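First up is the structure itself, then whatever we jot down about it.
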Amino acid sequence: MNSDRPEPVPPEDPDHRLDIDAAFAEIVAHWEPSPPEEEPETDPDPVEPAAEEPPSSPPAARGDETLRDLFRPAWQEEPLTSPASWDDEGHFVPPPPPPLPTVEPRRKLAWGALVAGPLVALLSFVLGMRVPDWFTVGLVLGFVGGFVYLVATMKASEDDGWPGDDGAVL
């Protein structure tokens with residue numbers, strides 16, 4: 001062995017060689033509930049406090065009136081107490097909704113092909129019906145054509161993102 005090389009120093013024990021379990025057991029063994037607090041002893045030579053000025057008015061009575069003042073509402077108006085105001089409470093009639101927007105016939109056809117193609121294919125599969133190959137190809141073409149038409153004719157609305165923002169540009 002090479003005697004010039006110093007021996008490695010073992011890392012210090014973070015617990016400083018304390019037995020944590022023994023320390024905890026000692027704490028638990030000596031634990032006792034704290035005694036109730038005793039009143040401090042009075043000084044044999046008490047200094048007389050300065051005379052306080054008597055209050056100008058007697059203290060308020062602790063009765064129902066004090067509690068009523070304590071729980072006053074924060075709003076200034078009186079709550080709805082008259083019977084006429086409660087009768088009108090649940091009879092709100094909303095205004096009529098605006099008419100539904102009209103959809104152009106080509107978009108209706110595209111939505112029909114997009115939805116009907118997979119539904120007819122699923123229905124024929126579940127019922128075990130054998131459909132001709134040209135019909136299956138028509139369903140697939142209708143689905144793809146409807147999807148492509150709807151995506152190609154989408155309009156960007158003003159509510160999409162920030163004004164002048166074209167989204168992510170690569």
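Just so it is clear, none of the values below were taken in a lab; they were calculated from the coordinates. Here the structure is a predicted model, which means the values were calculated and not measured. Note that we place each Cβ from the backbone using ideal geometry, even for glycine, and neighbour counts take in every protein chain shown.
List of remarks:
- Approximate spin-label separation His91-Met154, in nm, with each point projected 7 Å along Cα-to-Cβ: 4.8
- Annotation: amide H-H contacts under 5 Å for Val131 (H modelled 1.01 Å from N, sequence separation of 5 or more, or interchain): none.
- Cβ crowding within 10 Å averaged over residues, with 97-106, 129-138, 116-125 ranked highest first: 116-125, 129-138, 97-106
- The slack in the chain from Thr136 to Ala168, taken as 0.36 nm per residue of separation less the alpha-carbon distance, amounts to 7.7 nm.
- Residue-by-residue Karplus 3J(HN,Hα) for region 94-105, coefficients 6.51, -1.76, 1.60, Hz, glycine and proline x: x, x, x, x, x, x, 5, x, 7, 10, 5, x
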